[in-house]
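Q: Okay, handing you the structure first.
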Amino acid sequence: MFGDMMGMMNKLKETQKKVEETKERLNHVLVDEKSNDDKLKVTLTANRTIKSISIDDDLLKDKDMLEDYLILTLNKAIEKATRVNETELAAVAKDGMPNIPGLDMFK
């Protein structure tokens with residue numbers, strides 16, 4: 001019984017390490033998004049850190065329009081980055097979970 005418990009604890013520690021490594025790796029996974037007319041382009045990491053924003057000169061003439069473009073495009077980019085982040089972390093967590101009978105968390 002204690003051997004099984006120690007094995008599960010070691011597996012959980014190993015999984016925690018893999019999750020931290022995955023979070024670090026996701027700092028280097030880039031997600032690009034652009035407005036429908038390509039006037040605004042943003043790049044985020046999969047951990048949702050903005051890396052770059054490119055704004056067409058036409059948008060700089062209209063503050064309200066630029067704000068709308070930023071909100072829409074950044075929200076789309078954040079959603080995309082969140083999906084990548086959650087998918088990657090869930091895969092690591094699922095792979096590292098000990099086999100506990102009756103506990104099927106990831107079905």
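Just so it is clear, none of the values below were taken in a lab; they were calculated from the coordinates. Model, not experiment: these values are computed from the prediction. Positions of Cβ are backbone-derived with ideal geometry, glycine not excepted, and every protein chain shown enters the neighbour counts.
Q: Taking Cα atoms, how many degrees apart are the long axis of helix 63-96 and the longest axis of the chain, rounded to 10 and kept between 0 and 90?
A: 10 degrees
Q: Rounded to the nearest 500, what is the 222 nm mean residue ellipticity of the chain from helices alone, with -39500 (n - 2.57) per DSSP H run of 4+ residues and division by all residues?
A: Value at 222 nm, helices only: -20000 deg cm²/dmol.
Q: Under a GNM of the chain (C-alpha, springs under 10 Å), which listed residue has the highest mean-square fluctuation: 59, 26, 70?
A: In this elastic network of the chain, the residue with the biggest mean-square fluctuation among 59, 26, 70 is 59.
Q: Once fully extended, how much extra length lies between residue 14 and residue 65, figured as 0.36 nm per residue of separation less the alpha-carbon to alpha-carbon distance?
A: Difference between extended and current length: 13.5 nm.
Q: A follow-up question, please. Principal axis lengths of the chain from Cα atoms, whole Å, largest first?
A: Dimensions of the chain along the principal axes of its Cα atoms: 70, 24, 16 Å.
Q: Among 53, 9, 26, whose Cα projects farthest towards the positive end of the dipole of the chain, with charges put on the beta-carbon of Lys, Arg (+1) and Asp, Glu (-1)?
A: In the chain, that residue is 9.
Q: Let me ask something additional. Report the label-to-label distance for residue 6 and residue 89 in nanometres (one decimal), using points 7 Å from each Cα along the Cα→Cβ vector.
A: Here the modelled spin labels are 3.2 nm apart.
Q: Right, next: Sticking with the crude label model, points 7 Å out along Cα→Cβ, report the distance from residue 52 to residue 38 in nm, one decimal please.
A: 1.5 nm
Q: Here's another thing I want to ask about it. Can you give me the angle between helix 2-26 and the longest principal axis of the chain, using Cα atoms only, in degrees from 0 to 90, rounded to the nearest 10?
A: So the inclination is approximately 10 degrees.
Q: How much net charge surrounds residue 28 when only other residues with a Cβ under 15 Å from its Cβ are counted (Lys, Arg +1; Asp, Glu -1)? Can you show the working numbers first?
A: Values: positive: 23, 25, 48, 51; negative: 20, 21, 24, 32, 88.
Taking every Cβ under 15 Å from that of residue 28, the sum is -1.
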